[in-house]
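Here's the structure we're looking at; comments come further down.
Quick note: the coordinates plus some simple rules give every number you see, no bench work behind them. For clarity, every value in this text was computed on a predicted model and none was experimentally measured. Glycine gets a Cβ as well: all are built from the backbone with ideal geometry, and neighbour counts include every protein chain shown.
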Amino acid sequence: MSYPSPGPAGPPQPAAGSAYTSSGPYPRPNVLGNHPVPGQRRNQGVLIGIVIAVVFAIAGLVIFGIVAKSTGAGGFTWGLVFAFVPVIPVIALYLWLDRYEPEPTRYIVFALCWGAFIATLAAIFINTEVSHRLAETGVGGDRSAVFVAPPVEEFAKGSVILLLALLRRKEFDGIIDGLVYAGMVGVGFAFTENILYYGRVFNTLSEEAGSDAGLRGAFALFIIRGVISPFAHPLFTSFTAIGIGVAIRHRSTVVRFLAPVVGYLAAVLAHAAWNASASWAGGGGFIVAYLCLMVPLFICLVVFALVMRSREGQMIASRLYDYVRFGWLVPQDVPLIATLRGRKALRQNARRYGPQAEAAAKAFQHNATELAYLRDKIVRQVIGPEALQTEKQLLDELRDRRPTVPFPPMPAFAQAAPQYAATPNQYATPTQPYAPGPTQPYGSAPGQQYAPPPGGDGSLYPTGPGQPSGGQQHPGAPGQQSGAFGQQYPGGPGQDPGAPGPGQSGPGQSSPGSGASASTSPNPTGDARPQDHPRSPDGYPPAQPGYPSTQPDHSSGQPGYPPGPPDRQGPPGGYGPYPPPQ
C-alpha cells in the first residue's frame, strides 16, 4: 500500500534516504505526512466506484439505445449474439499474457467498460457530426472512414490507458500492462461496434429478402470481423499502449512526451490503412491488406509481447537478487517468483495442503513481484522518495507471509531455475561497489553463504534491522544521478554486523593482517577497485564484503531482529510450518 505525498499542511518531503534513522532502515513517523485512516480511504474508494458504475450505466444505456434504434430489435439481438462470441477468448489471451503481476479485476473491468460505452459513445457522436459536415461540402462518404474515424477512435481508446497510467503510476509497470489495457479497451470497443455493424446488415437484408438472408449476411460479416480479425481494435491501440509503456519507464522528459505521441500516430496510421483497404480497394484489396498488413502486424505484436514478458521475468529475478544479497530472500525463492514454471511449481505444491496454503503461496508471489517492480523503479529513478515507505511495507509483508508458505523440495527449485541464473563458473568477484544497472551481478549459487556486509563510516552497504548503523548507503536513490548512493537500504534479517572483521575489508581496502594489499586503480567515480582476486578450488571467489562467500560459518540473526528467512543451511525444501503431506 502506498500513500499520497503530504499536503501543504504536512511536513516537507524528505530527501531520498533521510527517512531512515541511524538505528535501522525503517522510516520515522514524522516524515510520512498526514494520511487518512484506512476506514476513510475505504469509504472514499467505495464512493468513487459507485460514481464510476453509474456513469458507465448511463453511457451504456445511451449507446445501446442508439444502436438499437439504428438496427431494430431483431438486428440488435443477433448483433449482440455474434459480437459476444470472440470477447471471452480474446480477453483470456490477454490475461494469459499478464501472468507475472495480473492487473486488478476492477481496472480490467474499467477498461472494458470504457471501450464498450465511453469510447464508442464519443466516437459515434464525433464521427457522425464530422461526416455530416463533410457530406455538406460534398467530400463525405468513404473518406470519413479513412481520415476521421481512425484518429477519433484511437484517441478515445488510448485516453483510458493514459488515464490509468497517470492515476496508477506506482502500479503501472510498463509495456505489458499497457498491452493488457489496450486489449481490454479494444475488445470493449469492438464489441459495441460489431453489434452496430451486424445489426445493420441483418436489418437491411431482412427488409429486402427476409430474415434468413439477413442472418446469412450477418454471419458472413461475423466471419470477417469476429473470426478473421477479432484483434483489429486491440492491435491498433497496442501501438499507443507501447508508447505509454515506454514513457513510464524513462526519466527523460523528451521520451515521456514523444513516445505516446509516436505510438498514437502509429495506431492512427495502421487503423487508417485497414479502413482504406475495406473502403477503397474492394474485396481483392482487402485480402491483400489482410495478408500483407494485418497478419504481419499481429505476428510481430505477439512476438514482441512474448519477448517483453520474458524480459519482465529476467527483470524480476535481477531485482529480487538485490534482496537476496541483504538477506530478505534466499536464492531458492527467486525462480519460484521470476519464472512461470517456478510459480506454477510453488502453487501446485501449496495446493496439496489446502486452499489456505495455496492462497498464501499466491500472496507471497504477488508480494515479491510487487517488490521487484518497485525496486526496478527505484533503480531507474522514476519514482519519488515515497517508495521507501512502500518498500518497507512490502518487506514486512513478505517476512510475515513466509512462515505460512509450504515450499516445494529442492528438485522443484532446480527444475524451475531460470536459464540466466549464474553457475559457479559464472561467478566473478565484483570489480566495483554495487551500483544500479541491469549489467550488475546478482545473487549467488543456491546454498552459498554470504559474507558480512562492509560497515563502518563511509561504507556503501546497508545494515539489516537491529544492527549498528555505519552510515551505509543504498544505490539508486530517487532523485539522484545513476550510480549515486543516497539512501539507506532495508537490509534483511540474518545479516551480520556491519563492520568488517579481521581478514575482511571493503572494496578497494586492504585486509589487515593479510600480509598483502590488493592493488587498486581509480575508476571514473573515484572508487578504488581491486585488481587481483584469487579463486578457491571450487570455482568461487573468496569472501568479499557484501558479496557471496564460501565461508561455512555465518550468523543468521541478531538480537532484536524481526523473524527473517530460514537458515540457508537448513533443509532445501519444506521450511514452512507444514509437514509433508501423508
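Overview of values
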item	result
Within straight-line cross-link reach of Lys344, lysines at Cα separation under 30 Å, skipping those fewer than 8 residues along the same chain	Lys170, Lys362, Lys377, Lys392
Contact order relative to length of segment 312-412, as percent, for alpha carbon pairs under 8 angstrom and 6 or more apart	32
Relative packing of 74-82, 309-317, which averages over residues the other C-beta atoms within 10 Å, highest first	74-82, 309-317
Potential extension, Leu258-Val81 segment - 0.36 nm per residue separation minus Cα distance	59.7 nm
Label point distance in nm, Arg106-Ile228, each placed 7 Å from Cα along Cα→Cβ	4.2
At R0 = 30 Å, FRET efficiency that the Cβ-Cβ distance of Lys69 and Leu167 yields, to 0.05	0.30
Theoretical gain in end-to-end length, Phe298 to Glu208 [0.36 nm per residue, Cα-Cα removed]	28.7 nm
Overall form of segment 250-320 per C-alpha gyration tensor (a/c, 1.5; a/b vs b/c)	oblate
Cβ-defined net charge surrounding Val180, 14 Å radius [Lys, Arg +1; Asp, Glu -1]	-2
Segment 230-276 and segment 133-208: distance between their alpha carbon centers, rounded to Å	14
Packing-based order for 164-177, 334-347, using average beta carbon neighbours within 10 Å, highest first	334-347, 164-177
Listed peptides 247-255, 368-376 by packing density, highest first (mean Cβ within 10 Å)	368-376, 247-255
Relative contact order, percent, segment 45-279 [alpha-carbon distance under 8 Å, six or more residues apart]	28
